[in-house]
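K.L.:
Dropping a structure here in structure tokens format, bear with me for questions.
The values are calculated or read from the model by the stated rules, or taken from the named source; none is laboratory data. What you see is a predicted model, and the numbers here were worked out from it, not measured in a lab. Cβ coordinates were reconstructed from backbone atoms using ideal geometry, including for glycine residues, and neighbour counts include every protein chain displayed. All accessible areas refer to the heavy atoms of the entire protein, side chains included, with ligands and DNA or RNA removed. Shrake-Rupley method; radii C 1.70, N 1.55, O 1.52, S 1.80 Å.
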Amino acid sequence: MGWKKRRWKITGDELLERYASGERNFAGVELVEYGSRPSKYSGPGSDLDGVVLRDINLQGAVLHQVYLIGADLTGADLGGIFMLSSCLSEGIIRDANLCAANVCRSGFINTDLRGTDLNNINATGTCFRGAYLPTFESAILADADFQGAHTRSELICNSWNLIWRTTMPDGIVVRGPQWGNISDAR
């Protein structure tokens with residue numbers, strides 16, 4: 001059964017309208033790109049730049065190619081979300097849940113993720129340049145870019161994280177593949 005039974009489609013406009021009326025539970029939603037807020041960026045996607053969606057529940061949702069630049073998702077439940085090729089740069093995602101999320105090829109440039117649960121995240125090819133980050137555990141960080149991120153390399157390369165061609169905050173690329181300790185990876 002899982003998420004398939006609970007999956008429902010909604011446009012960005014509908015989501016914003018329902019959120020504004022007080023609804024917070026959008027678990028299992030699939031955001032579709034048609035509506036009056038098409039992306040101003042080239043290619044497909046939904047433009048939700050600058051929105052405030054504090055404490056929203058998007059657990060298990062599908063947000064493919066969504067632009068949430070400068071958005072505030074403080075306290076959001078994004079656990080198990082599928083957010084492929086999306087952009088959340090310059091945003092605030094503090095004290096949120098991104099546990100077991102799939103954010104492959106997404107951008108979190110200069111995003112504040114302090115206090116957010118990033119355990120078991122799949123961040124393959126994701127850019128965290130300049131982001132404020134907590135620690136990761138059991139995360140897939142292959143081809144991820146942490147250059148200039150506000151964290152220590154030791155917090156990225158620990159706790160059974162997969163490191164492979166991963167750029168550390170100091171710009172050094174750890175070739176890997178490596179599970180765990182950075183001292184053995186360089």
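K.L.:
Can you name the residue in the range 151-182 that is part of a loop (DSSP other than H, G, I, E, B) and hydrophobic (A, V, I, L, M, F, W, C) and, of all such residues, is farthest from Phe136 (Cα to Cα)?
P.N.:
Applying the filter and picking the extreme gives Ile172.
K.L.:
Under 7 Å by Cβ, and 6 or more places apart or on different chains, what pairs join a residue from the range 98-115 that is farther than 14 Å from Phe136 by Cα with one that is open to solvent by 50 Å² or more (accessible area, probe 1.4 Å) and of a type in the set (A, V, I, L, M)?
P.N.:
Partner pairs satisfying both residue conditions: Asp112/Ile92.
K.L.:
In addition: If we keep just the residues of the range 48-67 that are of a type in the set (A, V, I, L, M) and either at pLDDT 95 or above or within 17 Å of Asn25 (Cβ to Cβ) (or both), which is most open to solvent (accessible area, probe 1.4 Å)?
P.N.:
Out of the qualifying residues, it is Val52.
K.L.:
Looking only at the range 34-47, decide whether some residue is modelled with pLDDT under 95, of a type in the set (Ser, Thr, Tyr) and not in a loop (DSSP other than H, G, I, E, B).
P.N.:
yes
K.L.:
Right, next: So is Asn102 surrounded by fewer than 24 Cβ atoms within 10 Å (Cβ to Cβ) and within 11 Å of the chain's Cα centre (by Cα) or not?
P.N.:
So Asn102 passes the test.
K.L.:
Kindly indicate the residue of the range 118-145 that is farther than 20 Å from Trp179 by Cβ and under 12 Å from the mean Cα position of the chain (by Cα) and also least open to solvent (accessible area, probe 1.4 Å) among those meeting that condition.
P.N.:
Ala131
K.L.:
Would you check which residues across the range 74-88 are under 22 Å from Glu33 (Cα atoms) and either open to solvent by less than 10 Å² (accessible area, probe 1.4 Å) or not small (Gly, Ala, Ser) (or both) and list them?
P.N.:
Matches in the range 74-88: Ala76, Asp77, Leu78, Gly79, Ile81, Phe82, Met83, Leu84, Ser86, Cys87, Leu88.
K.L.:
Would you pick out the residues in the range 17-32 that are over 17 Å from Leu78 (Cβ atoms) and open to solvent by 30 Å² or more (accessible area, probe 1.4 Å)?
P.N.:
Glu17, Arg18, Ala20, Ser21, Gly22
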